[in-house]
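Nothing in this text is a laboratory measurement; each read-out follows from the coordinates by a stated rule. This structure is a prediction, so every number in the text was calculated from the model and none was measured. No Cβ is skipped: glycine too gets one built from the backbone with ideal geometry, and neighbour counts run over all protein chains shown.
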Amino acid sequence: MIIKNYAILSDGGARFLMQYFSLSSANEYQELFKAWQEYFEQGITPKSIRPVILESWKKARELNADPFSSITEGSVLEGDELRLKLEEKKELIACARPFMQILFDVVKGSGFVVLLTDENATMLHVIGDAEIMDQGKFINVVPGGDWSNRAYGNSALTICLESGEPIQVVAAEHVKKDLHDWTCSTAPIHNSEGMPIGALSMSGNFRYTNRHTLGMVVAATLAIEKNLAERLTSNKLASSNKYLNTILDSMSEGLICIDTVGNVTMANEIAKELLGFKGDRTADNIVPQNCLEILTKVIITGKAVEDEEVYYEANHGRFYYTLTAKPIYGPDSMVIGVVGILRAIKSVKKLVNRMAGATASFIFSDLIGSSLEFNNAISLAKTAARTSSSVVLQGESGVGKELFAQSIHNASMRKEGPFVAINCAAIPRELMASELFGYSKGAFTGARSDGKPGKFEMADEGTLFLDEIGDMPIDLQVSLLRILENKQLTRLGDNKVISVDVRIIAATNKNLKLEITKNNFRADLYYRLKVFQIQIPALRERKDDLDLLVKHFIDKINCTAGTKIMGIDEKALRVISDYHWPGNIRELQNILEQAIYMAKAGILQPKHLPEDIKKFPANISINKNLSLKTNEVVTICNALQEAGGEISRAAKILGIGRNTLYRKLDKYQIRSLTSS
């Protein structure tokens, strides 16, 4: 008699229907074999065969499977194909192997083989007794063996993978007569999404199989699926951890976490560098005391801190950075640690400089002119740019000293660094020191609570442009000289020494040698600064450049203002050429801008120019027949023009008395139509 058995196995909510079949006697085997013969030899459909088996027999007949032929036609993956398949399924194989070994240890010596396949019934791993393994080679029970071909008739593998349910196929339930000595107990293996990814099967002589065999296989597949899920979770966590670490190491700031007892639990590469950590084990490193004090305060108080200035003391110097720290809370709302963000002071300064516009925008090609004096100045400036030496730019107000300074910076090795400018004449004397050197918190009344870096610190690794240096207070000149010599400074109200690497470009419209004789400027600072001294000519000294400059400014103003000036009339250009330009390039640009707005389009005419420009030749005349010293005549005329014809103001500009000026006017026959 054929016995049918059904069981439900559940594990953690998962339910599997197992169909198993046992033969308790030789008569039952003969009865099963007789049913097989009647179906495949006579076409009689037996009523005693399980529906799932009978359905597989029908499919085999539809495929013209020969029950009596030998199982030899199945393909076997070899070489690179097999290696690729095993590599593709290495996670499944690794998870299944230990459980396959456990199964085999239970039936070892009883002629069984335990095999693993992929979702297409391709063999991945096989273990078993030597004798049964040898027999298995003849029916492709080897790694790479393909059992998906329906020409095999049926098998527990194909039925299981098609139905998605565990099954045991016994003896003559197999279509192929070659398999009638075998019983195969197979269960599917699913991934975390419930999709079949393979099958586990235990096969052997049907005489040694019992109804518990399939149960063991199903239990093993459940363990494999659990192992796969755990590995997947572990891999996801590992991938997430690597992803997070990559993100953290890509940050421009340092990030560090410590627990409540001060142990470092995490630090990215920037933090390790800023804190001087050594070795691969983060936990073995100690946070610098001044940094640890702030982090500990956050743990104790539960309050965040922002941009506290701290430092790390190394053998080769002290390194400053800012620290922002916030508490980390556990599930019970208790502080379990603190996370700190570290920013190198230099990085912060670069960001601030970029946001504050501490950059140089002009280059040498932006300097317009072709006169000999102007080209000589540019040539010397280019030479200076190739060095890190200090530069003094000498010239009247408006000649373009800052343009030269920016061009030197942008052509130098410091071009990637900041360009910080400060006008020494524009800052009150009492604030000059704090602006240049910075101050610590509480340095003086009204000081910021967190202190402030000075221009020297902001210009670190770049250029500091000291405009109107001739107006710098004499006491600050001593401090400036010391910084130039030592490359170190101390903020006001602090005793910490800060190293700075700054290139100085100074500019002045004063005669510094004359200022030295008046005790307004230190000689030692003057000679320390003037490694390169560049004299930038006044506009009246290079009037041949006026055509170029006028065209340049017309094009520039047209572009920014949307005007359509086509050029300038010859008479208007003559008026511009006759004028002596005490305000130099700056004055020329402003006058042209005004004229362009007046004209709006077409050609600039004399009528578009300001009246004081057009009156210049009539206001002041020079007897050109005089054989006199031209330089003094021009100087007096310039002073009169700048003073608007007022003798008192002109005398003051020249640094002489009114009577002296009257005598020179008579001597050189210079006539001013505007009386004082």
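Points to keep in mind about this one:
- Across the range 594-600, computed HN-Hα scalar couplings (Karplus, 6.51 cos²θ - 1.76 cosθ + 1.60, θ = phi - 60°) run 4, 5, 5, 5, 5, 7, 6 Hz from first to last residue, x flagging Gly and Pro.
- Structure-derived Cα Rg over 2.2 N^0.38 Å - corresponding label in (i) 1.04; (ii) 0.98; (iii) 1.81: (iii)
- Normalised by the number of residues in the chain, the mean separation of alpha-carbon contacts (under 8 Å, six or more apart) gives a relative contact order of 7 percent.
- Evaluated at q = 0.15 Å⁻¹, a Debye calculation over the C-alpha positions of the range 357-535 (equal weights, vacuum) places log10 I(q)/I(0) at -0.85.
- Of all stretches in the chain that contain no chymotrypsin sites (Phe, Trp or Tyr not before Pro) in a DSSP loop with at most 13 other Cβ atoms within 10 Å, the longest one is 69-443.
- Note on residue 601 and residue 252: the model spin-label points, each 7 Å out from Cα along the C-beta direction, lie 4.6 nm apart.
- As a length-normalised measure over Cα pairs under 8 Å and 6 or more apart, the relative contact order of the range 3-232 settles at 22 percent.
- For the range 251-345, the gyration tensor built on C-alpha atoms gives a prolate shape. Its axis ratio a/c (a ≥ b ≥ c) is at least 1.5, and a/b is the larger of a/b and b/c.
- Beta bridges per DSSP with both ends in the chain, % antiparallel, nearest 5: 75
- Between residue 431 and residue 559, the FRET efficiency estimated from the beta carbon spacing at R0 = 41 angstrom works out to 0.60.
- Packing-based exposure ordering (other Cβ within 10 Å, fewest first) of 371, 648: 648, 371
- Spin-label model, residue 478/residue 58: points 7 Å from Cα along the beta carbon direction are separated by 11.1 nm.
- Local electrostatic count, residue 301, Cβ distance below 13 Å [Lys/Arg +1, Asp/Glu -1]: +2
- Rounded tilt (10° steps) of 26-37 against the dominant C-alpha axis of the chain: 70
- Computed over neighbours whose Cβ is under 15 Å from that of residue 397, the net charge equals -4, Lys and Arg +1, Asp and Glu -1.
- Cα shape, the range 86-227, gyration tensor, a/c 1.5 rule: rounded
- Fewest-first ranking of 178, 612, using other Cβ atoms within 10 Å as the exposure measure: 612, 178
- Percent RCO, i.e. relative contact order, over the range 357-535, from Cα pairs under 8 Å lying at least 6 residues apart: 30
- The slack between residue 566 and residue 226, meaning 0.36 nm per residue of separation minus the straight C-alpha distance, is 114.1 nm.
- Dipole axis of the chain (+1 Lys, Arg; -1 Asp, Glu on Cβ), positive-most option in 606, 32, 167: 606
- Excluding same-chain neighbours fewer than eight residues apart, the lysines reachable from residue 452 by a Cα-Cα span under 18 Å are 346, 349, 350, 441, 496.
- Calculated FRET efficiency, residue 662 to residue 513, Cβ-Cβ distance, R0 = 25 Å: about 0.30 to the nearest 0.05.
- Only the Cβ atoms of Lys and Arg (+1) and of Asp and Glu (-1) were treated as charged; on that basis the dipole of the range 3-232 about its Cα centre amounts to roughly 560 debye.
- Axis of helix 658-667 versus longest Cα principal axis of the chain: the two differ by about 70°, to the nearest ten degrees.
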